[in-house]
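Read through the structure below, which is laid out as structure tokens, and then see the notes.
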Amino acid sequence: MTHVEAEIASQPSTWAQVADLGVEGLPRRGQRVAVVGCGTSWFMAMAYAARRESLGHGETDAFQASEFPRNRAYDLVVAISRSGTTTEVVDLLGALSSPSLAIVGDPDSPAASAAGTVVALPFADERSVVQTRFATTALALLRSGLGEDTAALAAHARRALDLLVPLDPAAVEQVTFVGQGWTVGLAQEAALKCREAATFWTEAYPAMDYRHGPVSIAAPGRAVWSFGPPPAGLPGEVTATGATFAGGGASLDPMAELILAQRFAVALAAHRGLDPDTPRNLTRSVVLEPR
């Protein structure tokens with residue numbers, strides 16, 4: 001078993017452990033919040049920001065760390081970083097005037113030192129370059145601060161490990177992931193997992209925007225995978241091109257459905273003869289030389 005497979009399989013346990021951490025330091029209802037990260041962490045920030053606003057907890061923006069508008073004031077800036085060493089995140093935390101919270105895997109990391117408050121998730125840290133359980137556990141933590149039931153989420157995660165992956169890696173040459181609201185970030189993350197683990201052609205879009213150009217690549221041998229229920233009519237429009245439509249069910253929380261996409265990414269890597277623990281051109285953390 002690869003490291004990434006073991007880490008994918010551990011997610012029910014790491015999500016369940018979040019319940020014991022409480023919500024100390026997490027965004028409070030009514031605060032104006034920004035959430036930042038890079039790569040996978042940015043997509044988790046996107047998902048949380050949309051989720052928080054949709055549940056009425058307050059204005060919430062998400063930014064790639066290097067694109068944070070430093071002239072804006074927030075009640076709290078939340079930075080997500082597995083390693084706590086990512087250059088853009090560390091630099092931003094060191095320059096902020098707004099209060100900050102870092103969610104990290106390593107409590108002794110530079111990001112933890114630069115932040116005003118730290119929530120460490122060492123039990124969710126990973127050996128893999130390809131990030132899976134840390135990101136979803138961080139999102140589970142943030143969702144717990146919205147009053148969501150992490151024990152129920154962990155139960156959904158267990159189910160996601162037992163379900164069949166909805167697409168056959170040997171039968172598709174391309175997949176587009178789509179979502180709505182907070183699941184757009186999950187769709188982006190699913191696409192990234194397939195690119196990282198298997199160098200596989202994936203794209204991701206808001207589901208309503210898929211019709212505005214991206215549908216042009218739909219064809220036999222390709223697929224669209226929806227996180228959460230799709231817009232009315234979209235499945236039929238996709239299947240009319242000869243492409244396959246997957247996902248979109250209501251039986252799993254969309255964050256748990258991301259586990260299915262992680263498993264699909266690993267299966268793609270195996271089908272293509274690749275080792276998902278050694279992805280091409282990637283390192284576990286992006287640390288840039290000082291300029």
Considering only protein heavy atoms, what per residue accessible area in square angstrom results for region 56-145 with a 1.4 angstrom probe?
34
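Could you give the length gained on full extension between D168 and E67, defined as 0.36 nm per residue of separation minus the Cα-Cα distance, in nm? Intermediate results must be reported in sequence, preceding the final value.
Values: separation 101, 0.36 × 101 = 36.36 nm, distance 3.71 nm.
Taking 0.36 nm per residue and subtracting the Cα distance, the gain is 32.7 nm.
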Which helices of the chain meet both criteria: a Cα extent of 18 Å or more along the helical axis and a mean Kyte-Doolittle score no lower than -1.0, with helices taken as whole DSSP H segments?
40-54, 150-162, 183-198, 254-271
Compute the normalised compactness of region 166-291: alpha-carbon radius of gyration over 2.2 N^0.38 Å, N being the residue count.
1.09
Reduced to Cα centres, the span from region 81-132 to region 249-265 in Å works out to 26
Highest-fluctuation residue, D20, D168, D91 considered, GNM on the chain with Cα pairs under 10 Å
D20
Out of every Cα-Cα pair in the chain, what percent are more than 27 Å apart?
38
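So for L55, L186, L164, what's the accessible-area order with a 1.4 Å probe, most first? Write down the numbers at each step before the final one.
On the way: L55 70, L186 0, L164 155 Å².
Heavy-atom accessible area, descending, gives L164, L55, L186.
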Roughly how much of F63 is accessible, in Å² to the nearest 10, using a 1.4 Å probe?
30
Tell me, what is the 1.4 Å probe accessible area of H212, in Å² to the nearest 10?
140
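Hey, what's the Cα Rg ratio for region 61-172 versus the globular rule of thumb, 2.2 N^0.38 Å? Walk me through the numbers before you get to the answer.
Numbers: Rg = 16.5 Å, N = 112, 2.2 N^0.38 = 13.2 Å.
Compactness ratio reported: 1.25.
When 1/r is averaged over all different Cα pairs and the result inverted, which Kirkwood radius in Å belongs to region 101-256?
Working: mean 1/r = 0.0585 Å⁻¹.
Kirkwood radius, region 101-256: 17.1 Å.
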Take Y205, Y74 and sort them by solvent-accessible surface of the protein heavy atoms, 1.4 Å probe, largest at the top.
Y205, Y74
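Dipole size in debye (nearest 20) for the chain around its Cα centre, Lys and Arg Cβ +1, Asp and Glu Cβ -1? Walk me through the intermediate numbers first.
On the way: 22 positive and 30 negative charges, 53 e Å.
That gives the chain a dipole magnitude of about 260 debye.
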Leaving ligands and nucleic acids out of the surface, order S216, S10 by accessible area at 1.4 Å, largest first.
S216, S10
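The values are calculated or read from the model by the stated rules, or taken from the named source; none is laboratory data. Note that this is a predicted model, so its numbers are computed, not measured. Neighbour counts are summed over all protein chains in view; Cβ atoms, including those assigned to glycine, are modelled from backbone coordinates with ideal geometry. These accessible areas exclude ligands, DNA and RNA; they are computed on the full protein's heavy atoms, side chains included. Shrake-Rupley method; radii C 1.70, N 1.55, O 1.52, S 1.80 Å.
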